[in-house]
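Everything below concerns the one structure shown next.
The values are calculated or read from the model by the stated rules, or taken from the named source; none is laboratory data. This one's a predicted model, so the numbers in the text were calculated from it and none came from an experiment. Neighbour counts are summed over all protein chains in view; Cβ atoms, including those assigned to glycine, are modelled from backbone coordinates with ideal geometry. What goes into the accessible areas is simple: the full protein's heavy atoms, side chains included, and nothing from ligands, DNA or RNA. Shrake-Rupley method; radii C 1.70, N 1.55, O 1.52, S 1.80 Å.
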Amino acid sequence: MEKNLNSEQQLDQYNERIITLFKIIKQDLKKLSDQYTEQQNLTGLQMLIIDVLFKNQGINLHDLSVQLKMADSNVSVAVDRLVCKGIVLREASEENRRSIRLSLSPEFEGLTYSKNRFGINIIRNATEEELNTIIDGLEKYHDLLKSIHN
């Protein structure tokens, strides 16, 4: 039989623990991401570009800039560096030679960092039971959040 939480103090303690855990997890993910970025000798912006290109092969520079919410000129500089490293390809469109499409190079695409692969490496050593417990907990928390908005 589950115990009902009726004390504001109990609820406050649970709430603080949940918030603290979310903050710690966010910091841990940022640390791991920064370590990977440094190992690959890439900037944070370059990693964001790689993530967008991983999902949107053939995107043009302007649309890439819009997705990143950054100026074309800033994104263009980062893309140029990725082109020099052989990570990104610039290809002219067959219909309009002035329209340049960006994509990951075939060599890099197979090795690329993506948020999905990054996540897989994090959970790789968890058991199925542990993964289901995490998912169940997050889904329940999401349901609680939704119930407040409805």
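Please identify every one of the GluC sites (Glu not before Pro) in segment 1-103 that sits in a loop by DSSP and has no more than 11 other beta carbons within 10 Å of its own beta carbon.
Glu2, Glu94, Glu95
Using a Förster radius of 22 Å, what is the FRET efficiency between Asp28 and Glu129 based on their Cβ-Cβ separation? Nearest 0.05, please.
0.50
How large is ³J(HN,Hα), in whole Hz, for each residue of segment 34-42 in order, when computed from phi with the Karplus curve 6.51 cos²θ - 1.76 cosθ + 1.60 and θ = phi - 60°, using x for Gly and Pro?
Working through the residues one at a time gives 5, 4, 5, 4, 5, 4, 7, 6, 10 Hz.
Extension gain Lys140-His62, at 0.36 nm per residue separation less the Cα-Cα distance, in nm? Please list the in-between numbers first.
Details: separation 78, 0.36 × 78 = 28.08 nm, distance 3.91 nm.
So the extension gain works out to 24.2 nm.
Taking 0.36 nm per residue of separation and subtracting the Cα-Cα distance, what length does fully extending Ile19 through Arg90 add?
Stretched fully, the Ile19-Arg90 segment lengthens by 21.2 nm.
What's the extension gain from Asn121 to Thr37 if we count 0.36 nm per residue and subtract their Cα-Cα distance? Please list the in-between numbers first.
Values: separation 84, 0.36 × 84 = 30.24 nm, distance 1.48 nm.
Going from the current span to full extension adds 28.8 nm.
What number, rounded to the nearest 500 deg cm²/dmol, is the helix-based mean residue ellipticity at 222 nm of the chain, given -39500 (n - 2.57) per DSSP H run of at least four residues and division by all its residues?
On the way: 7 runs with 100 residues, N = 150.
The helix-only estimate for the chain comes to -21500 deg cm²/dmol at 222 nm.
If you keep only loop residues by DSSP, which chymotrypsin sites (Phe, Trp or Tyr not before Pro) in segment 14-112 have at most 14 other Cβ atoms within 10 Å of their Cβ?
Counting only loop positions with at most 14 other Cβ atoms within 10 Å, none of the chymotrypsin sites (Phe, Trp or Tyr not before Pro) in segment 14-112 qualifies.
Here are some values of semi-axes √(5λ) of the Cα gyration tensor in Å: (i) 28, 18, 12; (ii) 41, 18, 15; (iii) 37, 17, 13. Which one was computed from this structure?
Working out semi-axes √(5λ) of the Cα gyration tensor in Å from the coordinates points to (ii).
Quick one: which residues, 5+ away or cross-chain, put their amide H under 5 Å from the amide H of Val88? H built at 1.01 Å from N.
Val83, Ser105
State in Å² the accessible area per residue of the chain; use a 1.4 Å probe, count heavy atoms of protein chains only, and round to the nearest integer.
77 Å²
Sequence-distant or interchain residues sharing an amide H contact under 5 Å with Arg101, placed H: which?
When sequence neighbours closer than 5 places are left aside, the close amide H contacts are Glu91, Ala92, Ser93.
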